[in-house]
Amino acid sequence: MISARELTKRYGDRVAVDGIDFDIRPGKVTGFLGPNGAGKSTTMRMILGLDRASSGTVTVNGRPYSNARAPLREVGALLEAQAIHPGRSALDHLRWLAASNDISTARVRQILDQVGLEDVAGRRAGKFSLGMRQRLGIASALIGDPPVVILDEPVNGLDSEGIRWVRRLCRRLADEGRTVFVSSHLMAEMSLTADHLIVIGQGRILADASMTEFMTAHAPSFVRVRTPDRERAREAISRNGTRVDLVDDELRVDSLDVAGIGDTLYAAEVRVHELSGVQCSLEEAFMALTADTVEYQAGPEAAAPIAQGAL
């Protein structure tokens with residue numbers, strides 16, 4: 001388990017992480033979300049002892065990670081896939097890590113096969129694609145078979161098969177009872193992977209909840225009704241106290257009982273052009289929650305089409 005209490009990091013007058021508390025528990029995948037500059041990478045670096053906290057504490061399984069005698073056997077981490085000597089082969093890179101933590105050569109071969117790099121084990125890492133370096137970084141994190149795994153943007157550079165592989169890997173590690181802490185900007189992927197979410201903005205915790213609790217609280221669901229008889233439809237649906245809002249040219253009903261609403265409209269002889277249940281996505285919920293904490297935000301002209309001949 002990873003535990004933080006009043007964890008704070010200052011760089012001069014700037015507060016990067018502002019007194020946060022959390023527990024990342026084993027047996028589940030915990031997703032770590034936040035806009036750029038929110039403090040995610042700084043928090044992960046403090047967990048690993050790469051950055052010293054200005055105040056507060058963070059421990060891994062009850063003690064600071066910097067006190068670990070065989071660090072790779074306790075925590076496996078991927079923070080930067082490029083942090084590999086370009087002239088060293090994948091095999092030699094993992095052999096060097098294994099030797100530093102008294103890990104067998106047999107484990108090196110096993111992990112190369114597990115991440116799909118066995119056939120290129122002798123190739124220099126500098127010749128690897130971004131996706132291959134990402135796989136090697138994940139192999140480095142898993143080399144010690146650690147009970148705690150921390151992955152910062154692990155699917156960067158991976159194709160669809162690789163992204164699905166990382167998703168299954170995280171799920172398997174959690175199912176084995178390990179603590180899995182993953183950051184990502186790919187909300188659709190995180191919604192398929194994480195059991196629990198910690199959302200940070202401007203260095204503060206904005207949400208710490210299970211995926212189900214988070215979606216219930218921040219991703220509203222409703223039934224969309226499109227009809228030429230909007231007033232009659234609204235009157236029929238709202239008779240039992242159900243909230244009905246008019247948004248543009250559609251009614252939004254505070255419910256997901258599509259069948260029940262359909263029966264109500266049929267009984268009221270209301271013509272219906274569309275009747276559908278809508279669940280907001282994790283991305284929409286995240287954007288709404290963090291809207292006031294985005295540090296770098298493009299202006300409206302960024303989304304405007306480029307005029308012909310402007311290039």
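Bear in mind these aren't lab numbers, they're just calculated from the coordinates by the rules spelled out. This one's a predicted model, so the numbers in the text were calculated from it and none came from an experiment. Cβ placement follows ideal geometry from the backbone for every residue including glycine, while neighbour counts extend to all protein chains displayed.
In the Gaussian network model of the chain, springs joining C-alpha atoms below 10 Å, which of Asp229, Asp102, Asp195 carries the largest mean-square fluctuation?
It is Asp229.
Which of Arg172, Arg234, Arg52 moves the most in a Gaussian network model of the chain with Cα springs under 10 Å?
Highest fluctuation among the options: Arg234.
Name the trypsin sites (Lys or Arg not before Pro) in the stretch 94-140 that are in a loop by DSSP and that have at most 16 other C-beta atoms within 10 Å, would you?
Those satisfying the criteria are Arg123.
How big is D, in µm² s⁻¹, for the stretch 220-284 by Stokes-Einstein at 25 °C and 0.890 mPa s if Rh is the Kirkwood radius over C-alpha pairs?
210
Charges on Cβ only, +1 for Lys and Arg, -1 for Asp and Glu, centred on the Cα centroid of the stretch 58-195; of Gln114, Leu97, Pro64, which one is farthest towards the dipole's positive end?
Comparing the listed Cα positions along the dipole, Leu97 ranks first.
Rounded to whole Hz and in sequence order, give me ³J(HN,Hα) for the stretch 55-65 from the Karplus expression 6.51 cos²θ - 1.76 cosθ + 1.60, θ = phi - 60°, writing x for Gly and Pro.
Listing the rounded values in order: 6, x, 9, 9, 10, 10, 6, x, 8, x, 4 Hz.
Modelled label-to-label distance, Arg69 and Val278, 7 Å Cα→beta-carbon offset: nm?
6.0
What's the angle, to the nearest 10 degrees (0 to 90), between helix 258-267's Cα axis and the longest principal axis of the chain?
Tilt of helix 258-267: around 10 degrees.
Angle between the Cα long axis of helix 130-142 and the longest principal axis of the chain, 0 to 90 degrees, nearest 10?
That helix lies at roughly 70 degrees to the long axis.
Please give the charge dipole size of the chain, origin at the Cα centre, charges +1 on K and R Cβ atoms and -1 on D and E Cβ atoms. Round to the nearest 20 debye.
Magnitude of the dipole: close to 1420 debye.
Tell me which of Gln202, Thr179, Ile237 sits at the most positive position along the dipole axis of the chain, charges placed on C-beta atoms (Lys, Arg +1; Asp, Glu -1).
Most positive-ward Cα: Thr179.
Under the Karplus relation 6.51 cos²θ - 1.76 cosθ + 1.60, θ = phi - 60°, what is the ordered set of whole-Hz ³J(HN,Hα) values for the stretch 172-187, x standing for Gly and Pro?
Coupling constants for the stretch 172-187: 5, 4, 5, 5, 7, x, 7, 8, 10, 10, 10, 9, 6, 9, 8, 5 Hz.
Taking all pairs of distinct Cα atoms, average 1/r, flip it, and tell me the Kirkwood hydrodynamic radius of the chain in Å to one decimal place.
Radius from the Kirkwood sum: 22.3 Å.
Any chance you could check the Cα centroid distance between the stretch 214-263 and the stretch 140-203 for me, in angstrom?
36
Once you have the Cα-Cα distance between Arg243 and Glu80, take 0.36 nm times their residue separation minus that, and quote the gain in nm to one decimal.
53.8 nm
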